[in-house]
Amino acid sequence: MLPSLFLAHGSPMLALEDTAYTRFLRDLGQTFSPKAIVIFTAHWESERLTISSRDDEYETIYDFYGFPEELYRIEYPAKGSSQLAARLQQMFAAAGIAADLDKTRGLDHGAWTLLYRMYPTAQIPVVQLSVNPYLSAEAQYQIGQALRSLGEEDILVIGSGVTVHNLRLVQWGQSTAEPWAVEFDDWLLATLGNRDLATLFDYARQAPHAHKAVPRPEHFVPFLIALGSGGNEATVLHRSYDLGSLSYLSIEFSSEGGIS
C-alpha cells in the first residue's frame, strides 16, 4: 500500500537547482512507482473542491515571474485521467464533499516542479486538485480521508505546499534557519508524534509563531489533506530550510511507522 506524501515545493528554482532537496526528490521518485498521481496544490484555489479532468497532455503553467529564462523553457507534458477524476468526484460525494471537474487547466508550479524532479519522463497520469484555504483544518483532513483507500490501488496522493511559508520574512542569501521557523516545525512534528489531532487542528492558536509561519493557510492545507489521506503515522523524509525560513519539511503519512 502506498503512503501519502506531503512535499514542500518551495521556489520554482527546484526545477533547475542541484541541491540536497532536489536530489531527495529524485531518489523519492525511484522509491515509488505509482500507476497514477493525485496531487493537491497550494497554487490552485477554489471555493469548491475542483478536480482536473482531461486525458490529453497538460499545459505547463509558469505562475511566477522574475526567474531565469531557462526555467520558462521547461515543460512537463504529463497526461491526465478523466476516468480517475470522475472516480475521485464519486469518492468525495460518498463522503458528503462537493467537487467540480475542470477540463482545461494546466499544471501549476506547485505540481510540475516536484513531479519534474521525481518523474522526469512524465509518463505517469496526473490528476491535480484545488484547495480551499478557508475551510477548517478538520475539514481539510476529511478531504484527505475521503481518498484514503487510493494507496491500496498504487495511486500516490501528494499534498504540495510548505509548512513555513512567509515570503515577507525570507532572508535572501541566508542558508541557516531562523529559530522561529524551526520551532514551528518542531511543534508540528511533536504534535504528530503524540497523535494529537485536536491540538494539531488548532495550530493557529497553539503552535509557536503560527501567524509568522502560516500567515495565510493555502500552503499549509496540503499538509492536512496528505495527513488525512495517508494515516496518522508520520515519517520525516526530508528537513531543511532555505532563505532563512522557507521550510522544505517533507513527510510520509501511513497507517504504520512513526516520527523519525
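Give the relative contact order (percent, whole number) for the chain; include only Cα pairs under 8 Å separated by 6+ residues.
30 percent
Report, by chain and number, residues whose modeled amide H sits under 5 Å from the one on VAL38, excluding near sequence neighbours (fewer than 5 apart, same chain).
Here VAL127, LEU156, VAL157, ILE158 satisfy the definition.
From the helices alone, meaning DSSP H stretches of at least four residues, give me the mean residue ellipticity at 222 nm for the chain, per-run term -39500 (n - 2.57), in deg cm²/dmol to the nearest 500. Let's see the in-between values first.
Details: 9 runs with 82 residues, N = 260.
Rounded to the nearest 500, it is -9000 deg cm²/dmol.
Using the Karplus equation 6.51 cos²θ - 1.76 cosθ + 1.60 (θ = phi - 60°), what ³J(HN,Hα) coupling, rounded to whole Hz, does each residue of the range 124-131 give in order, writing x for Gly and Pro?
8, x, 10, 10, 9, 10, 8, 10
Of ASN132, ASN232, ASN194, which is the most mobile in a GNM of the chain whose springs link Cα atoms less than 10 angstrom apart?
Of ASN132, ASN232, ASN194, the Gaussian network model singles out ASN194 as fluctuating most.
Calculate, for the chain, the solvent-accessible area per residue in square angstrom, rolling a 1.4 angstrom probe over the heavy atoms of the protein chains.
Per-residue accessible area for the chain comes out at 43 Å².
From largest to smallest, what semi-axes in whole angstrom does the chain give when each is the square root of 5 times an eigenvalue of its alpha carbon gyration tensor? All intermediate terms of the calculation are to be shown ahead of the outcome.
Numbers: eigenvalues 126, 103, 57 Å².
Equivalent ellipsoid semi-axes, largest first: 25, 23, 17 Å.
Just in the range 19-119: which trypsin sites (Lys or Arg not before Pro) are loop by DSSP and have at most 16 other Cβ atoms within 10 Å? List each step's numbers first, then the result.
Values: sites: ARG23, ARG26, LYS35, ARG48, ARG54, ARG73, LYS79, ARG87, LYS103, ARG105, ARG117; in loops: LYS35, ARG48, ARG54, LYS103, ARG105.
Answer by residue number: LYS35, ARG48, LYS103.
Once each part is reduced to its C-alpha centroid, what is the distance from the range 208-239 to the range 122-158 in angstrom?
So the separation of the two Cα centres works out to 13 Å.
Amide H neighbours of TRP44 under 5 Å, counting only residues 5+ apart in sequence or on other chains, H built in-plane at 1.01 Å?
Under 5 Å from the amide H of TRP44: VAL131.
How big is the range 88-140 by the Kirkwood estimate over distinct Cα pairs, in Å? Kindly include the intermediate steps, with their values, before the conclusion.
Numbers: mean 1/r = 0.0748 Å⁻¹.
Every distinct Cα pair counted, the radius reaches 13.4 Å.
Expressed as a whole percentage, what fraction of the accessible surface of the chain belongs to carbon and sulfur atoms when a 1.4 Å probe is rolled over the protein heavy atoms?
It is 48 percent, rounded to a whole number.
Can you run phi through the Karplus equation (6.51, -1.76, 1.60; θ = phi - 60°) for the range 165-177 and list ³J(HN,Hα) in whole Hz, with x for Gly and Pro?
My calculation for the range 165-177 gives 9, 9, 5, 6, 10, 5, 10, 4, x, 8, 9, 7, 7 Hz in order.
Could you size up the charge dipole of the chain around its Cα centre, putting +1 on the beta carbon of Lys and Arg and -1 on that of Asp and Glu, and report it in debye to the nearest 20?
180 debye
Using θ = phi - 60° and the Karplus form 6.51 cos²θ - 1.76 cosθ + 1.60, what ³J(HN,Hα) does each residue of the range 242-253 get, whole Hz, x for Gly and Pro?
Values, residue by residue: 10, 6, x, 9, 6, 7, 10, 4, 10, 9, 9, 10 Hz.
The values are calculated or read from the model by the stated rules, or taken from the named source; none is laboratory data. Nothing here was measured: the structure is a model prediction, and the numbers come from that model. Positions of Cβ are generated from backbone atoms using ideal geometry, with glycine treated the same way; all protein chains shown enter the neighbour counts. Note: areas computed on protein heavy atoms with side chains; ligands, DNA, RNA excluded. Shrake-Rupley method; radii C 1.70, N 1.55, O 1.52, S 1.80 Å.
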